[in-house]
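Asks: The structure's right below; bear with me while I get my questions together.
Every read-out reported here was derived from the displayed coordinates using simple, explicitly stated rules and does not represent laboratory data. Predicted model, so just to flag it, every value in this text is computed and none were measured. Ideal geometry is used to build each Cβ from the backbone, glycine not excepted, and the neighbour counts take in all protein chains shown.
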Amino acid sequence: EKPESVSLCPLGAAPAPEQELLCIFGTGDLGRSLGQRLLQSGYRVVYGSRRPHNCGPLPQGAQVMSHETAAQSASLVFLCIHRENYDFLTTLAPQLKGKVLVDVSNNLKKNLYPEANAEYLQRLIPGAHVVKAFNTLSAWALQNGPSDANRQVYLCGNSVEAKQAVAETASKLGFAVLDRGSLKAARELEDSPLLLFPEWRLPLRLAVGLTAFFFFYLLIRDVVYAYVDQGKNNSFRIMVSLANKVFPIVSLIMLSLCYLPGVIAAIFQLYRGTKYRRFPDWLDRWMLCRKQLGLLALGFASLHVLYTLIIPIRYYVRFRIAASTISKIKENQTSEFDITSAWRGDSYYSMGILGFFLFFLLGITSLPSVSNALSWREFSFIQSKLGYLALFFCTFHTYLYGWDRFLHPSTYKWYTPPGYMLSLVVPSVVLIFKLLLILPCVDKTLTRIRQGWERCDPE
Ligand code: HEM
């Protein structure tokens, strides 16, 4: 028996009473992905094409018409074509009059043209309302819909109503819209996809530079020195021993460099007695890449932990232990249990583990999906207080590892200190300054300066 039809339709299954019709010019990857997404979100889509009967596969449910008819039928037109092909649009000026034209284009290079694509378009069709939008998304991101890292859509334009219409469509597609102002901002929006990892550039360069420096420094101390001084071939040490020095050393230095700019900024504020004055540009840039510095440092620390795990299974280590045991047996000797060595070993392992745990926590909480779930107080507690604690543990780990070797002249081969001593300079400076800054009298002044800045707004 057939169930009686009910007037209540399940949510989402029923077509909206009147589906808005949107027009897309351009049947390339971006045009097709956008069309598919719009159709899935409940819009009707019409493509404008030079050859309506022969324009390749299009999303199911979309119509194709000539440019003129398509433009006439919709109030919102997405332009998914290259700037080089904008000229023909002038012939459509009458049909496009009063319409919202969404420019999603990007260029292959920065500063290729004197004016932004969207501004050029507005000049070509003065009667239309041009809105720059969606250009920071890839065809892939458009087709698959927003994901955690790809939620933001920037737009700009001179007409508030036009921007409103585009913003509504974008939010129906599930994107979060950020209005960047008038068409003058189009240049910046068009340049932004061309920047390759901009915040990563400086930290990456630093990581490569430090790694190269310490690799050669330790190569000379550990391999070349042994060869020249004792004629010993220690070259096998490059693979594990050297790597397990370079990685933690670079990690410790980079972790401390995350906290150094904060200390410098506090000293600036204390010195100037105000928070109104801008920091120098280099300090601003440095502050902005702290997260990337920290994440790279975490990567290097993880490598150190992995290399440390394999120490017991190394042939070299097993051979040395066996050889020393055999020689003890041969000479009928026993070794005394050295409680100091036990303390030293356990202490620096423990500090390393605690440091790494906190370091890992810092890394996790810097991910957008986690930090979005934290309040600002929680986030700054973890990133600042626990961050300094992580730096302290890692620094202490290294001091304990050095133990009394700082005092032995034989440590300084060719008058050079070991790598870990060099790596302790910046973290020690940061921690000493931080200690000075949290002294009650200094802290009170600093808090007052910062509160003064937070309370009153000069404009
Ligand atoms: C050295 C263990 C985490 C920085 C060492 C060494 C061990 C070790 C066994 C001596 C390596 C050798 O003899 O060649 C651990 C363990 C950790 C940990 C078990 C955590 C699970 C960290 C972290 C940092 C760090 C998070 C800093 C970011 C250092 C440094 C050295 C060192 C700078 C001296 C390297 C050198 O010989 O020049 N650690 N560590 N460690 N560790 Fe760690």
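Asks: Put one equal scatterer on each alpha carbon of the chain, apply the Debye formula with no solvent term, and list log10 I(q)/I(0) at q = 0.06, 0.08, 0.12 1/Å to two decimals.
Replies: -0.47, -0.72, -1.07
Asks: While we're here: So for the stretch 79-224, averaging the separation of alpha carbon pairs under 8 Å that are six or more residues apart and normalising by length, what relative contact order in percent results?
Replies: Normalised by residue count, the contact order of the stretch 79-224 is 22 percent.
Asks: Going by how many other beta carbons lie within 10 Å of each one, how would you line up 324, 49, fewest first?
Replies: 324, 49
Asks: Return the equivalent ellipsoid semi-axes of the stretch 333-459 as a descending list in whole Å, where each equals the square root of 5 times an eigenvalue of the C-alpha gyration tensor.
Replies: Ellipsoid semi-axes (Å, largest first): 38, 20, 13.
Asks: Can you list residues whose amide H is under 5 Å from residue 99's amide H, if they're 5+ apart or on another chain and H is modeled 1.01 Å from N?
Replies: Here the answer is 129, since their amide H atoms fall under 5 Å of that of residue 99.
Asks: Is any helix in the chain, taking whole DSSP H runs, at least 30 angstrom long along its axis by alpha carbon and on average at least 0.5 on the Kyte-Doolittle scale, and which ones? Don't skip to the end; give the middle numbers.
Replies: Numbers: long enough: 198-218 (31 Å, 0.90); 243-272 (44 Å, 1.39); 339-365 (39 Å, 0.99).
Correct list, ordered by number: 198-218, 243-272, 339-365.
Asks: Another one. When the Debye formula is applied to the Cα atoms of the stretch 103-236, each taken as the same point scatterer, what base-10 log of I(q)/I(0) results at q = 0.13 Å⁻¹?
Replies: For the stretch 103-236 at q = 0.13 Å⁻¹, log10 I(q)/I(0) is -0.65.
Asks: Mind checking which lysines have their C-alpha under 17 Å from residue 232, skipping anything on the same chain fewer than 8 residues away?
Replies: 413
Asks: While we're here: Report the label-to-label distance for residue 416 and residue 216 in nanometres (one decimal), using points 7 Å from each Cα along the Cα→Cβ vector.
Replies: Those two pseudo-labels are separated by 1.0 nm.
Asks: Calculate the tail of P(r) for the stretch 157-282: the fraction of all Cα-Cα distances greater than 23 Å, expressed in %.
Replies: 65
Asks: Moving on to the next point. Considering the convex hull of the alpha carbon atoms of the stretch 73-162, report its projected area averaged over all viewing directions, in nm², one decimal.
Replies: 6.7
Asks: Ranking 24, 339, 449 by Cβ neighbours within 10 Å, fewest first, what do you get?
Replies: Taking fewest neighbouring Cβ atoms as first place, the list is 339, 449, 24.
Asks: Name the lysines eligible as straight-distance cross-link partners of residue 385: C-alpha to C-alpha under 28 Å, and not fewer than 8 places from it in the same chain.
Replies: 245, 275, 291, 434, 444
Asks: Can you put 179, 103, 229 in order of Cβ neighbours within 10 angstrom, beginning with the fewest?
Replies: Listing 179, 103, 229 from fewest to most nearby Cβ atoms yields 229, 179, 103.
Asks: Could you sort 313-319, 205-211, 95-101 so that the peptide with the highest average Cβ count within 10 Å comes first and the rest follow in order?
Replies: 95-101, 205-211, 313-319
Asks: Taking only C-alpha pairs under 8 Å that are 6+ residues apart, what is the relative contact order of the chain in percent? Intermediate results must be reported in sequence, preceding the final value.
Replies: On the way: 563 pairs, mean separation 50.9, N = 459.
That works out to 11 percent.
Asks: Near residue 132, which lysines are there with a Cα under 16 Å away, not counting those fewer than 8 places off in the same chain?
Replies: Straight-distance partners of residue 132: 99, 163, 184.
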